[in-house]
Amino acid sequence: MKKWMFVACILLAGCTSTKERPPQEEAVSTDTEPVQSEEVIATQMQIPWNITKASDRFIISQRGGSIVLIGPDDTKEETRLHLKQEIAHEGEGGLLGFVLDPDFSKNRLAYVYHTYNEESRIQNRIIQVRYEGDGWHEIKELLSGIPGGSIHNGGRLAIGPDNKLYATAGDAGEARTAQEPEVLSGKILRMNLDGSIPEDNPFSQSYVYTLGHRNPQGMAWDERGRMYAAEHGQRAHDEINLIEPGRNYGWPIIEGDEQQEGMEIPLFHSGEETWAPSGMDYQDGKLFVAALRGEKLLVFDLKHQTEEVFYSGAGRLRDVYIDDNSLYVITNNTDGRGNPSEEDDRLIRLPLSRSE
């Protein structure tokens, strides 16, 4: 097996807390021509779920339970996970979120969110792993017992500018739990990188950062440290939310334009259309969001409150990753809900500039 040396280039900006919220204006769709210039970097992946990168190597989790390494010379290698709990690839569950430690180049550590079965129950857990040449070995379990199901497992991981680990947890098909602070489902969770609960979390001795979520997916931060998340609605009404600690985002009581005291309304929502938003990234005042059922890459301009299609034509899109002047997306046409071609699933590079 070819051994690859990784050098992580992850720089985390300092966090600036703020209570200022962008104006809640109605989103305006534009008719800008979608970018169609593309370069296929890798093909024939199986339900790829998460994109990250170390130096010039892409690292992509696949829902079935393996991690693909893609080199600059278009080489592709599947690596194994050596875990203490077997990955349960059932429905929307499996190997989901994957994020590298900020000091990965030195310690080879990463963080994994995956589904498992215990006592005849589907659950999710977050673990720390280390890359050791023959694959990724579990070092420590950070959090287990996150309610899971055949749907709505959430599963995205991200390290914020505050150097904390954030995780999205769906309601696992039990909508009422999203409003129960003591239950981890239907929440965005926050922890220290060693798995402990941060002292400044909004609820005492709790991993819960926000509640009232149906199936939160992608997360991103802007230059000021403001956090955003994408969320699947029920039969449309998908949302893009500004995330603030301790806030209640309404599910299952309100969604879309509906309002109730003590609950947040989204910056953008899809109305009667369905996006099924998944992975998210941020650059220069804009959120780039991969859409599954919508089969397009959406871009939301936070300043001007506009929404447009940046890219389409590749089918279901699961995640998006921005690196310098390039944007990378992975398709998810092999997930049982798409129409895969012989080359699916693919990692695709798009220029951020429309002139390229």
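General observations
- Among the criteria (1) farther than 21 Å from Trp221 by Cα; (2) out of contact with any Phe, Trp or Tyr (no Cβ under 8 Å at 6 or more places or on another chain); (3) buried (at least 18 other Cβ atoms within 10 Å of the Cβ), the one Gly336 does not fulfil is (3).
- Annotation for the range 150-160: at least one member residue is in contact with a Cys (Cβ under 8 Å, 6 or more places away or on another chain), surrounded by fewer than 24 Cβ atoms within 10 Å (Cβ to Cβ), farther than 15 Å from Leu96 by Cα and not polar (S, T, N, Q).
- Listed by first and then second residue, the pairs linking a residue in the range 209-233 that is farther than 18 Å from Asp257 by Cα and of a type in the set (D, E, K, R) to a residue that is part of a strand (DSSP E or B) and modelled with pLDDT of 95 or more, with Cβ atoms under 9 Å apart and 6 or more places separating them unless they lie on different chains, are Asp222/Tyr228; Asp222/Tyr282; Asp222/Leu287; Glu223/Tyr282; Arg226/Leu242; Arg226/Ile243.
- Members of the range 43-59 that are at positive phi and polar (S, T, N, Q): Gln44, Ser55
- Any hit, the range 229-238, residues being under 20 Å from Leu142 (Cβ atoms) and over 15 Å from the mean Cα position of the chain (by Cα): no
- Pairing residues of the range 145-168 that are part of a loop (DSSP other than H, G, I, E, B) with residues that are at pLDDT below 95 and acidic (Asp, Glu), at Cβ distances under 8 Å and at least 6 apart in sequence or on separate chains, gives Ser150/Glu90.
- Positions within the range 60-87 being touching a residue at least 12 places away in the same chain (Cβ under 8 Å), surrounded by fewer than 19 Cβ atoms within 10 Å (Cβ to Cβ), of a type in the set (D, E, K, R) and at negative phi, in sequence order: Lys76, Glu77, Glu78, Arg80, Lys84, Glu86
- Gln217 vs. criteria polar (S, T, N, Q) and outside any strand (DSSP E or B): no
- Enumeration of residues in the range 133-149 that are surrounded by fewer than 18 Cβ atoms within 10 Å (Cβ to Cβ), more than 18 Å from Val183 (Cα to Cα) and at pLDDT 95 or above: Gly135, His137, Glu138, Ile139, Lys140, Glu141
The values are calculated or read from the model by the stated rules, or taken from the named source; none is laboratory data. Only a predicted model underlies this, so the values are computations on that prediction, with no experimental measurement involved. Glycine gets a Cβ as well: all are built from the backbone with ideal geometry, and neighbour counts include every protein chain shown.
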